[in-house]
Amino acid sequence: MASSVLSLASATPSASLSFHGIHKGKSNLGGINKEKTNTFIKAKSFGRTSMVVASIVSRFEGITMAPPDPILGVSEAFKADNHELKLNLGVGAYRTEELQPYVLDVVKKADKLLLEKGENREYLPIEGLAAFNKVTAELLFGADNPVIKQQRVATVQGLSGTGSLRLAAALIERYFRGAKVLISSPTWGNHKNIFNDARVPWSEYRYYDPKTVGLDFEGMIADIKAAPKGSFILLHGCAHNPTGIDPTPEQWEIIADVIQEKNHVPFFDIAYQGFASGSLDADAASVRMFVARGMEVIAAQSYSKNLGLYAERIGAINVVCSSPEAAARVKSQLKRIARPMYSNPPVHGARIVADIVGDSTLFNEWNAEMEMMAGRIKNVRHKLFDSLSSKDKSGKDWSFVLKQIGMFSFTGLNKAQCDNMTNKWHVYMTKDGRISLAGLSLAKCEYLADAIIDSYHNVS
């Protein structure tokens with residue numbers, strides 16, 4: 001960068017020396033070449049005023065440009081496209097049939113009630129809002145679950161799902177040094193970033209079978225069995241992201257058998273409770289089954305999708321322990337990790353969740369809205385399947401679209417085919433072939449089917 005300095009002739013000699021001393025003092029900061037930083041371009045005198053221009057290389061010169069986020073970058077590209085038929089199926093955010101953002105009516109009501117209460121904006125404790133922590137644990141494990149009644153769950157409010165996962169990753173790095181986390185292949189794009197940032201080693205277990213566009217269950221079990229004893233197995237509690245492929249209840253039992261046999265720790269990411277099937281209890285069944293076996297479990301929660309609280313960054317990390325004493329110790333260390341990381345969490349979203357879950361009328365309204373949102377996505381899924389099946393005369397089996405669950409569908413398209421989707425059809429999606437059905441309307445299903453069929457058959 002260029003730096004210009006205006007020096008008045010009336011300035012004292014010491015002031016002039018001070019400038020040159022400061023300039024020379026900066027010349028070798030950060031290992032920057034001294035010759036480059038001390039190079040004066042020109043000095044001109046205008047009456048009693050002289051202008052000195054110096055060229056200085058930034059001490060941040062060695063920092064390279066980061067690549068765009070593979071998911072959020074899709075939205076940026078979509079906004080720059082002016083085509084009338086463009087579709088943004090990249091980011092996992094719910095849209096109405098008119099493809100507009102949706103604020104739940106029950107959230108609007110809770111917001112209004114909070115405004116009427118005139119709540120203050122004081123700092124929350126490090127662990128978050130007590131009322132939120134209570135209802136979020138009960139929502140996940142069941143209010144009558146023995147682990148709740150026996151106070152064996154350490155719950156700390158986190159910065160949505162991402163922040164909650166990051167707290168757990170830091171806990172693993174600090175107290176289970178060298179332990180490995182196993183993540184599914186593929187998985188949500190940010191999982192690897194989180195564990196890399198926390199310096200937690202990870203490897204992958206097989207999950208997706210491209211031949212069937214389904215679950216590679218045998219590969220999954222084999223890889224979990226082969227993992228070092230005491231590994232942390234990251235599992236998607238429901239609506240696997242990005243594939244939308246979930247194990248059956250019977251398969252979940254076998255997964256639990258192997259994890260228990262190997263003394264692994266089940267680590268759940270719960271981003272879609274109630275939003276996948278429309279039922280809070282059905283979507284929590286996998287987690288509750290592991291807990292019912294007496295296993296110690298880690299579970300991260302998010303309220304971005306099921307309550308549409310994307311920008312509120314509201315979630316929680318839960319650690320189910322074998323005793324209340326262990327839970328108290330774990331909670332104290334989670335708080336210790338959170339304090340220098342972000343000090344304490346935001347209050348507004350926590351109050352919304354606590355008020356909705358804690359009030360029977362609002363809770364029932366929320367359930368109805370979740371069923372409506374989940375139902376709209378199911379309708380879109382069926383319409384897309386019907387459109388693909390009727391338009392594609394090749395005999396290809398598209399039934400995997402119906403077998404998947406939640407807001408995403410894994411199309412099986414490769415990168416070149418995904419590029420064709422975007423470049424030719426103006427359909428924006430991640431390059432792994434994932435599409436967000438929450439960003440699709442019934443009216444656009446036939447257009448999307450044409451794009452998928454063309455990309456699948458005509459692009460190698």
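The values are calculated or read from the model by the stated rules, or taken from the named source; none is laboratory data. As the structure is a prediction and not an experimental result, all values here were calculated from the model. All Cβ positions, even for glycine, are placed from backbone atoms using ideal geometry, and neighbour counts span all protein chains on display. In case anyone asks, the SASA skips ligands and DNA or RNA and just uses the protein heavy atoms, side chains included. Shrake-Rupley method; radii C 1.70, N 1.55, O 1.52, S 1.80 Å.
Annotations
- Fraction of antiparallel bridges per DSSP, the chain only, in percent to nearest 5: 65 percent
- Relative contact order %, the range 123-358, counting alpha carbon pairs below 8 Å whose residues are six or more apart: 31 percent
- In straight-distance terms, cross-link reach from K112 covers every one of the aspartates and glutamates whose alpha-carbon lies under 20 Å from its own, apart from those fewer than eight places away in the same chain; here that gives E122, E312, D355, D359, E365, E369.
- Net charge of Cβ neighbours under 14 Å - reference A328; Lys, Arg +1; Asp, Glu -1: +3
- Exceedance of the 31 Å cut-off in Cα-Cα distance is limited, within the set K262/K383; K305/K403; K79/K396; K79/K378, to K262/K383; K79/K396.
- Computed from Cα positions, the angle between helix 105-117 and the longest principal axis of the chain comes to roughly 60 degrees.
- Stokes-Einstein translational diffusion, the chain - Kirkwood Rh over all Cα pairs, 1.002 mPa s, 20 °C, in µm²/s: 86 µm²/s
- Cα centroid separation, the range 362-412 to the range 114-129 (Å): 39 Å
- Beta bridges by DSSP in the range 123-358, antiparallel share as percent, to the nearest 5: 50 percent
- Residue among A256, G349, L384 farthest towards the positive dipole end of the chain, charges placed on Cβ: G349
- The 3J(HN,Hα) values that the Karplus relation (6.51, -1.76, 1.60; θ = phi - 60°) gives for the range 205-212 are, in residue order, 10, 5, 9, 9, 10, x, 5, 9 Hz. Gly and Pro appear as x.
- Accessible surface, per residue, of the chain when the full set of protein chains is kept, probe 1.4 Å, Å²: 48 Å²
- Carbon plus sulfur fraction of accessible area for the range 123-358, probe 1.4 Å, in percent: 51 percent
- Positive minus negative residues near T243 (Lys, Arg vs Asp, Glu; Cβ under 11 Å): -2
- Dipole of the chain, positive direction: furthest Cα of L139, A226, P201, with charges on the beta-carbon: P201
- Only helices enter the 222 nm calculation for the chain: every DSSP H run of n ≥ 4 contributes -39,500 (n - 2.57), and dividing by all residues gives -13500 deg cm²/dmol, rounded to 500.
- Listed peptides 237-245, 344-352 appear in the order 237-245, 344-352 once ranked by packing, highest mean of other Cβ atoms within 10 Å at the front.
- Look at the dipole of the chain built from charges on Cβ: of W398, G158, L448, the Cα furthest out on the positive end belongs to G158.
- Relative contact order %, the chain, counting alpha carbon pairs below 8 Å whose residues are six or more apart: 20 percent
- In summary, the aspartates and glutamates within cross-link reach of K86, defined as a Cα separation below 17 angstrom excluding same-chain residues under 8 places away, comprise E76, E97, E98, D419, E446, D450, D454.
- Loop chymotrypsin sites (Phe, Trp or Tyr not before Pro), the range 55-124 (other Cβ atoms within 10 Å of the site Cβ: 11 or fewer; DSSP): F60, Y123
- Here the range 123-358 is assigned +1 on the Cβ of each Lys and Arg and -1 on the Cβ of each Asp and Glu. Its dipole about the Cα centre then comes out at about 1000 debye.
- Taking only protein heavy atoms and a 1.4 Å probe, the accessible area of the range 365-417 is 53% carbon and sulfur.
- Length added when fully stretched, K117-Y342, from 0.36 nm per residue minus Cα-Cα: 78.3 nm
- Tensor-based shape of the range 191-307 (alpha-carbon gyration tensor, a/c under 1.5 rounded, otherwise prolate or oblate): rounded
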